[in-house]
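Inspection log for the structure reproduced underneath, given as structure tokens.
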Amino acid sequence: MSQQSLSFRVPVVWCCILVLFLGLGCATATHKEDEELRLRRANSHFNLGLDYIRNNRTALAIRELLFAEDLDPRNARVQHALADAYLMRGKPVEAEKHYLRALEIDPTLHEARMNLSSMYNRLDRYEESLVHSSMLADDATFSGPWRALANKGFAELRLGKIEQARGSLELGLEYRNDYWPTLLYLGILEMEEGRRLEAIGFFQQVLELEPGLAVQAQTNYRIGEIYIALGKRQKAIGHLQAAVAQTPGGPWGVKSEEYLKLLR
């Protein structure tokens, strides 16, 4: 092969390599841009879903969040928001699936674990609630230990672990003495243990905090029950009537109305 032919081919080879390199570079840049666009779209759907949740438009929230999940399936925040939305829709099976998925992706997502624990308590799945609330209560990085201790104490109470429940709830009270779930659960514990005056004391503290009509109705109903047991009929009637007024169509309002009929 002549020297001239060789000198011609070498630049051609290098040109081919350069073209290939530039092509790969363009493909990589395009892929990166596509990924960034996909994540931006996912984030837009996620933020819109959160806005719908805040406005109690859960059907639309789920629709947007499912779009976000499809675009970004390993986003723990999307899974957590989906779980919250499904729970608000009264679909605990779907909510549980997404809470667990969120925690699988990010075990440090405290609010997902907290909400899962609360949901388990509401579903009477106390052993499972206890697992998650205990994990949170023992986690030094969780910023609301009194919340975890309240869930833990209630689960222990319902499992018949009275002394453990008292310990958890009293410890929670040391962290924060105006957290109404802790006070409510301590009132229930004292009531079920026959310490009626102590129970009334905790329930009165709950009412003073005005945590919401549903909670206030439950608390008034429980105080009414205690006053009936103490033979203080008029005081009982007053609290039962308050429960009816607070949630006339709710479960505690209905129970109070039924109780009042028996007293008339």
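The values are calculated or read from the model by the stated rules, or taken from the named source; none is laboratory data. Since we're looking at a predicted model, the values are computed, not measured. No Cβ is skipped: glycine too gets one built from the backbone with ideal geometry, and neighbour counts run over all protein chains shown. To get the accessible areas, we keep the full protein, side chains included, count just its heavy atoms, and leave off ligands, DNA and RNA. Shrake-Rupley method; radii C 1.70, N 1.55, O 1.52, S 1.80 Å.
Points to keep in mind about this one:
Table: residues versus (1) within 26 Å of Asn121 (Cβ to Cβ); (2) surrounded by fewer than 18 Cβ atoms within 10 Å (Cβ to Cβ); (3) out of contact with any Gly (no Cβ under 7 Å at 6 or more places or on another chain); (4) of a type outside the set (A, V, I, L, M).
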| site | (1), (2), (3), (4) |
| --- | --- |
| Asn56 | yes, yes, yes, yes |
| Ala61 | yes, no, no, no |
| Leu66 | no, yes, yes, no |
| Leu71 | no, no, yes, no |
| Arg77 | yes, no, yes, yes |
| His80 | yes, no, yes, yes |
| Ala83 | yes, no, yes, no |
| Tyr86 | yes, no, yes, yes |
| Lys91 | yes, yes, yes, yes |
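- Qualifying residue in the range 179-192 (condition: of a type in the set (D, E, K, R) and over 18 Å from Ala148 (Cα atoms)): yes
- Considering residues of the range 227-246 that are in contact with a Phe, Trp or Tyr (Cβ under 7 Å, 6 or more places away or on another chain) and more than 19 Å from Leu186 (Cβ to Cβ) only, the residue surrounded by the fewest Cβ atoms within 10 Å (Cβ to Cβ): Lys235
- Matching entry among Gly224, Gly253, Gly249, Gly167 (being farther than 25 Å from Ser134 by Cβ and surrounded by fewer than 20 Cβ atoms within 10 Å (Cβ to Cβ)): Gly249
- Within the range 70-170, helices (runs of 4 or more DSSP H) holding 1 or more residues that are within 30 Å of Phe202 (Cα to Cα): 76-88, 110-122, 126-137, 145-158
- Residues satisfying the stated conditions in the range 108-117, i.e. in contact with a helix residue (DSSP H, G or I) (Cβ under 6 Å, 6 or more places away or on another chain) and open to solvent by 30 Å² or more (accessible area, probe 1.4 Å): Leu109
- Enumeration of residues in the range 199-213 that are assigned to a helix (DSSP H, G or I) and surrounded by 15 or more Cβ atoms within 10 Å (Cβ to Cβ): Ala199, Ile200, Phe202, Phe203, Gln205, Val206, Leu207, Leu209, Leu213
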